[in-house]
Amino acid sequence: MANAKDIKLGGASPGKQALAAGLCDEILIHVAPYLVGGGVRLFDALPDGIRLEKLSVREGPLVTHLR
């Protein structure tokens, strides 16, 4: 229990588990124009889909921040 505090998770695997368990109120994703060819996919195989609402977008030359 977080006692109403913010908890931050880094990486696709813990984030994916928290999303699937319904434990996330918000997510922040940083999208960079690089393809690394491996790793864990964040949004594949989530049960019943998850509806997201875009709260903000900040664009820069090397990364886009989605909240």
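Values in this text are rule-based calculations from the coordinates and carry no lab data. Being a predicted model, the structure only gives us computed values, none of them experimental. Neighbour counts are summed over all protein chains in view; Cβ atoms, including those assigned to glycine, are modelled from backbone coordinates with ideal geometry.
In table form, for the structure just shown:
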{"read-out": "Residues (touching a Leu at 6+ places or on another chain (Cβ under 7 Å) and of a type outside the set (A, V, I, L, M, F, W, C)) located in region 1-25", "value": "G15, K16"}
{"read-out": "Segments classed as strands (runs of 3 or more DSSP E), wholly inside the chain, with at least 2 members that are exposed (fewer than 12 other Cβ atoms within 10 Å of the Cβ), more than 10 Å from the chain's Cα centre (by Cα) and free of Cβ contacts under 8 Å to residues at least 12 places away in the same chain", "value": "57-59"}
